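In what follows, a single structure is set out as structure tokens and then discussed.
Derivation of every value follows stated rules applied to the coordinates shown; laboratory data play no part. Only a predicted model underlies this, so the values are computations on that prediction, with no experimental measurement involved. As a convention, Cβ positions derive from the backbone with ideal geometry for all residues, glycine included, and neighbour counts pool all protein chains shown.
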Amino acid sequence: MAQLKNLVFRQATTQDSKVICEIHNSNARGETAANQHGFLLEKTTEEEVVQNLNENIQYFVAVNSSNEILGFVTVAKPKISNIFLNQVIWQDDTYKPKILSEHHLYIQKVATKVDYMGKGIAQFMYKSLYEKFPNSVITAFIVSKPIFNERSFRFHQQQGFQQIGTIQKELFLDLRNYESVLMVKET
């Protein structure tokens, strides 16, 4: 992992939106033969990335010494309603108040360039997030049905996340009998 020595973790700017969009879309479902079953459920556009950057969603990127963006992570401090909380099938509802606190940070997406998958980029970005946001309660949803994102599930477990609940919907996007696992880590 010598290539990780020179990585920089920084907040993304609107100038990064094209590369973020390219990385995102290369990991979207069905976009390439190499990634037929991409883990991101739908494509994005540069306009959507810029709009998110201008709202309350923060993008962070991992950049190598050649100033090449190798991956990104998006995080938000969501406003959570009781309606949403009541949709969760809780395994451990002691996290409800923590998720409602100002220390809650939600990881919306994490992706790396396809050629850099499995090389520690996502691990570097998560470690950098923990350092940037100490004393946080970090959550992430991972699709478990009808597509099971086993790679992401294992990655989050290795990072110290634990499963605390699930959300089920008859239809989400184009997916029937959808289920997503809610995972949490305290930094």
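Taking N as the number of residues in segment 2-186, what value does Rg over Cα atoms divided by 2.2 N^0.38 Å take?
Values: Rg = 16.1 Å, N = 185, 2.2 N^0.38 = 16.0 Å.
Taking the Cα Rg and dividing by 2.2 N^0.38 Å, one obtains 1.01.
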key: Inter-label distance, nm, simple model (7 Å from Cα along the C-beta direction), ARG154/LYS127   = 2.0
query = Considering only DSSP beta bridges whose two residues both sit in the chain, what percent are antiparallel, to the nearest 5?
reply = 90
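Computed from the mean reciprocal separation of all distinct C-alpha pairs, what Kirkwood hydrodynamic radius does segment 17-125 have, in Å? Walk me through the numbers on the way to the answer.
Numbers: mean 1/r = 0.0643 Å⁻¹.
Kirkwood radius, segment 17-125: 15.6 Å.
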inquiry  = Run the reach check for LYS5 against lysines, Cα to Cα strictly under 26 Å, same-chain hits fewer than 8 apart removed. What comes back?
reply    = LYS18, LYS109, LYS113, LYS119, LYS127, LYS132, LYS185
